[in-house]
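Let me begin by presenting the structure, written as structure tokens, before commenting on it.
The values are calculated or read from the model by the stated rules, or taken from the named source; none is laboratory data. None of the values given here were measured: they were computed from a predicted structure. With ideal geometry, Cβ positions are generated from the backbone for all residues, glycine too; neighbour counts draw on all protein chains shown. The area values use the complete protein model at the heavy-atom level, side chains included, leaving out ligands, DNA and RNA. Shrake-Rupley method; radii C 1.70, N 1.55, O 1.52, S 1.80 Å.
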Amino acid sequence: MNKFRFLTAGESHGKCLTAIIEGMPSGVAVDVDFINSELKRRQQGYGRGERMKIETDTVEITSGVRFGKTICSPITLVVKNRDFESWQKIMSAAPEDITDEKSFSTYRPGHADYAGSVKYAQQDLRNILERSSARKTAIETAVGAVAKLLLKELNIEGSSRVLQIGSCCCPDNFKDEVETMRGKGNTVGGKFVVKYQGLPVGLGSHVHWDRGIDGRLAQAIMSIPAVKVVEIGTNPAGYTGSDYHDEIYLNNGEITRQTNNAGGIEGGMTNGEELVVYGVMKPIPTMRKPLKTVDSKTMEETEAHFERSDVCAVEACAVVAEARTAWILADEILIKFGGDSIDELKHNYHRK
Ligand code: EPS
């Protein structure tokens, strides 16, 4: 069973986003400024929409932490949506407030609108948009920041970087690429990399399909809205075995490698090398210059719904992927080393 568990709740324009985390050992120092700095990183990058000017995402901790440290009870995190002020009536839970303001019925190709509305039998596509929105990645990033606090106790650190925006691989030109697309009413995706250093050998397992850490990371990153590709280490297409695999050497009696094409994972387990995971995000489907679609009310061909959105969110996506990687690593650390308090975890960990 997973040890680092959580659920999140909240709509894009609802009152707030919430998470309840269970399984953190007691005694972990919780630095709220660090969680907020991670939330800030997620809000940045070229191509973000007007919403990011409204929000200054900050976390409120309403349970599970006392005097700056975890006390083993479930941790509740809340990130308020400032924009809710303008949406109170539209997002109201009360039946007497029913309104069709901000309702829409023209599916955005590439978004959850069509399949979600058929699946959940919803006429108003707003009911699908609100939860399928990438807004929920704000609270997911806060959960990732808590996981990172655990990893930091063991000197495990992560980072992420954008490698490509559209067809452009030169960071100096990313801004221009985004502005060109903004000018055309279009959107653009791209590629990012997440890296973690300081991992022990043996997180994950080869013994069952659902225990491989590569599979778990792939699911965590693939399910970020708009991510379509996840790669672990160097893409092996076109390589021979002798070119690809990382040969094993000895250095003063210690196992060492000169290459890391495996991206730090062999047989579904960490091998002590740097963890390297790539992701590719498709262009956001909400477009100022809309695509052709069908209106579910009139069943006539028309143009897709447009509302305020991002032109490019690859930088934010990289930060979210870094956070989601932290969830999986924290969980695997707790599965392998256990410990109800941070001291017990550290004791088990350093005995490895
Ligand atoms: C986002 C908040 C959303 C969008 C974006 C990500 O806010 P709003 O819909 O009010 O502008 O900016 O969401 C999407 C791109 C999407 O497809 O839903 C955020 O906080 O990251």
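Return yes when K102 is closer than 29 Å to P25 by Cα, open to solvent by 80 Å² or more (accessible area, probe 1.4 Å) and of a type in the set (K, R) and no when it is not. Please lay out each step first, then the result.
On the way: closer than 29 Å to P25 by Cα: no; open to solvent by 80 Å² or more (accessible area, probe 1.4 Å): yes; of a type in the set (K, R): yes.
So K102 does not fit the description; no.
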Handout entry: Filter result (closer than 28 Å to K282 by Cβ and hydroxyl-bearing (S, T, Y)) within the stretch 216-268
Key = S223, T234, Y239, Y244
Practice task
Name every residue in the stretch 59-104 that is within 16 Å of the ligand (Cβ to nearest atom), hydroxyl-bearing (S, T, Y) and more than 18 Å from Q122 (Cβ to Cβ), in order of residue number.
Solution key: S86
Problem - The lone exception for A313 - which of (1) among the small types (G, A, S); (2) farther than 30 Å from A237 by Cβ; (3) within 16 Å of the ligand (Cβ to nearest atom); (4) open to solvent by less than 20 Å² (accessible area, probe 1.4 Å) it fails - result: (2)
Fill in the blank from the handout: Scanning the stretch 151-186 residue by residue, those open to solvent by 70 Å² or more (accessible area, probe 1.4 Å), at positive phi and in contact with a Lys or Arg (Cβ under 8 Å, 6 or more places away or on another chain) turn out to be none
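With respect to V294, is the statement that it is assigned to a strand (DSSP E or B), more than 21 Å from the chain's Cα centre (by Cα) and either surrounded by 22 or more Cβ atoms within 10 Å (Cβ to Cβ) or not aromatic (F, W, Y) (or both) true? Break it down into steps so the answer makes sense when it comes.
Numbers: assigned to a strand (DSSP E or B): yes; more than 21 Å from the chain's Cα centre (by Cα): yes; either surrounded by 22 or more Cβ atoms within 10 Å (Cβ to Cβ) or not aromatic (F, W, Y) (or both): yes.
When the stated conditions are applied, V294 passes them.
Restrict the check to the stretch 42-61 and report whether at least one residue is of a type in the set (A, V, I, L, M) and more than 21 Å from G14 (Cα to Cα).
Applying the first criterion (of a type in the set (A, V, I, L, M)) to the stretch 42-61 yields 52, 54, 59, 61.
Filter again for more than 21 Å from G14 (Cα to Cα), leaving none.
No: zero hits.
Residue-by-condition table, conditions (1) closer than 26 Å to G23 by Cβ; (2) open to solvent by less than 10 Å² (accessible area, probe 1.4 Å); (3) away from the ligand (no atom under 16 Å from the Cβ):
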| position | (1), (2), (3) |
| --- | --- |
| E273 | no, no, yes |
| P283 | no, no, no |
| W327 | yes, no, yes |
| A330 | yes, yes, yes |
| E344 | yes, no, yes |
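Yes/no per residue for (1) touching a Gly at 6+ places or on another chain (Cβ under 8 Å); (2) near the ligand (Cβ under 10 Å from one of its atoms):
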residue	(1), (2)
A112	no, yes
S117	no, no
I128	yes, no
S132	yes, yes
T141	no, yes
A147	no, no
E153	no, no
E157	yes, no
R161	no, no
Practice task
Name the one entry in G198, G202, G189 that is within 25 Å of L154 (Cα to Cα) and open to solvent by less than 30 Å² (accessible area, probe 1.4 Å).
Solution key: G202
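Among strands (runs of 3 or more DSSP E) lying entirely in the stretch 178-253, which contain 2 or more residues that are in contact (Cβ under 8 Å) with a residue 24 or more places away in the chain? Give the derivation first.
Numbers: elements: 190-197, 201-204, 227-232, 248-251.
In the stretch 178-253, 190-197, 201-204, 227-232 are the strands (runs of 3 or more DSSP E) which contain 2 or more residues that are in contact (Cβ under 8 Å) with a residue 24 or more places away in the chain.
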Practice task
Quick one: which residue in T259, T286 is among the polar types (S, T, N, Q), over 29 Å from G110 (Cβ atoms) and outside any strand (DSSP E or B)?
Solution key: T259
Exercise for the section: All but one of (1) under 27 Å from I35 (Cα atoms); (2) among the aliphatic types (A, V, I, L, M); (3) within 16 Å of the ligand (Cβ to nearest atom) hold for V230, so report the exception by its number. Expected result: (3)
Practice task
Could you grab me the full set of residues in the stretch 115-127 that are open to solvent by less than 20 Å² (accessible area, probe 1.4 Å) and either outside any loop (DSSP other than H, G, I, E, B) or farther than 14 Å from T293 by Cβ (or both)?
Solution key: G116, S117, R126
Practice task
Restrict the check to the stretch 218-238 and report whether at least one residue is out of contact with any Phe, Trp or Tyr (no Cβ under 6 Å at 6 or more places or on another chain), open to solvent by less than 90 Å² (accessible area, probe 1.4 Å), of a type in the set (A, V, I, L, M, F, W, C) and within 26 Å of R351 (Cβ to Cβ).
Solution key: no
